[in-house]
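To start, the structure itself, in structure tokens.
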Amino acid sequence: MKYGIAIFPSKTLQDKANSYRKRYDTNYSLIAPHVTIKAAFEASDAEIKNIEQKIEDVVTHFNPMVLKVLKASTFQPVSNTIYFKVEPSIELEGLYNAFNQEEFAGAPSPYNFVPHITIGQNLSINEHSDVLGQLSMLDLTHQEVITEIQLMKQNEQGTWNVYKTYKLGKE
């Protein structure tokens with residue numbers, strides 16, 4: 001089975017992201033708006049039990065953190081993906097690094113960590129330019145406190161669901 005680790009923002013921020021995702025994100029129906037901490041990896045039922053314990057150990061070292069959206073941005077020219085840019089922080093970087101080491105499940109990500117919430121992907125060049133232009137005129141700043149992360153599991157239909165939630169910090 002495929003698993004991943006993500007941070008899901010508040011309903012307020014998810015609603016704002018979904019107002020664009022409905023029209024511009026081909027994965028809209030597969031997963032709610034999120035910040036990916038560990039991209040999809042394969043794990044058996046036996047392996048996931050060990051991974052769950054590793055996640056529990058890691059989250060005790062991270063306190064609740066501020067998630068701050070700054071503006072809309074893009075991965076162009078690599079891809080015509082538009083996203084809400086999340087301000088990098090020591091805490092987010094630390095979580096990402098902890099879950100993307102070789103001894104953790106799956107291979108480390110080949111990409112640099114760019115914390116973001118995708119709002120549009122697989123856009124045509126014209127659509128990408130239009131949407132990004134509109135978004136650049138809006139004040140998209142948003143700030144909230146994140147207190148938990150989620151282990152996600154992908155079902156046979158390709159939809160991602162929360163498999164387990166972990167509170168940040170020591171209980």
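The values are calculated or read from the model by the stated rules, or taken from the named source; none is laboratory data. Nothing here was measured: the structure is a model prediction, and the numbers come from that model. Cβ atoms come from the backbone with ideal geometry, glycine included; neighbour counts cover every protein chain shown. Note: areas computed on protein heavy atoms with side chains; ligands, DNA, RNA excluded. Shrake-Rupley method; radii C 1.70, N 1.55, O 1.52, S 1.80 Å.
Brief remarks follow.
- Apart from one condition, VAL86 fits all of (1) of a type in the set (Val, Ile, Thr); (2) within 13 Å of the chain's Cα centre (by Cα); (3) open to solvent by 30 Å² or more (accessible area, probe 1.4 Å); the exception is (3).
- Near pairs, Cβ below 8 angstrom, 6+ apart or cross-chain, from region 20-45 (touching a residue at least 24 places away in the same chain (Cβ under 8 Å)) to any residue that is open to solvent by 50 Å² or more (accessible area, probe 1.4 Å) and among the aliphatic types (A, V, I, L, M): PHE41/ALA107; GLU42/MET1; ALA43/MET1; SER44/MET1; ASP45/MET1
- Looking across region 1-16 at every residue that is assigned to a helix (DSSP H, G or I) and of a type in the set (S, T, N, Q), the one that is least open to solvent (accessible area, probe 1.4 Å) is identified as GLN14.
- Verdict on SER129 being open to solvent by 30 Å² or more (accessible area, probe 1.4 Å) and not basic (Lys, Arg): yes
- Evaluating VAL66 against the criteria (1) aliphatic (A, V, I, L, M); (2) open to solvent by less than 60 Å² (accessible area, probe 1.4 Å); (3) at pLDDT 95 or above; (4) closer than 20 Å to GLU148 by Cα leaves one unmet condition, (2).
- For region 105-121, the criterion of being part of a strand (DSSP E or B), of a type outside the set (A, V, I, L, M) and surrounded by fewer than 19 Cβ atoms within 10 Å (Cβ to Cβ) is satisfied by no residue at all.
- Counted residues, region 19-55 - those being farther than 25 Å from ILE117 by Cα and among the β-branched types (Val, Ile, Thr): 1
- Residue selected from region 19-54 under the condition part of a strand (DSSP E or B) and within 19 Å of MET1 (Cβ to Cβ), by the criterion most open to solvent (accessible area, probe 1.4 Å): GLU42
- Of all positions in region 125-142, none carries a residue that is assigned to a strand (DSSP E or B), within 16 Å of ILE37 (Cα to Cα) and in contact (Cβ under 8 Å) with a residue 40 or more places away in the chain.
- ALA98 satisfies every condition listed in (1) in contact with a helix residue (DSSP H, G or I) (Cβ under 6 Å, 6 or more places away or on another chain); (2) outside any helix (DSSP H, G or I); (3) small (Gly, Ala, Ser) except (2).
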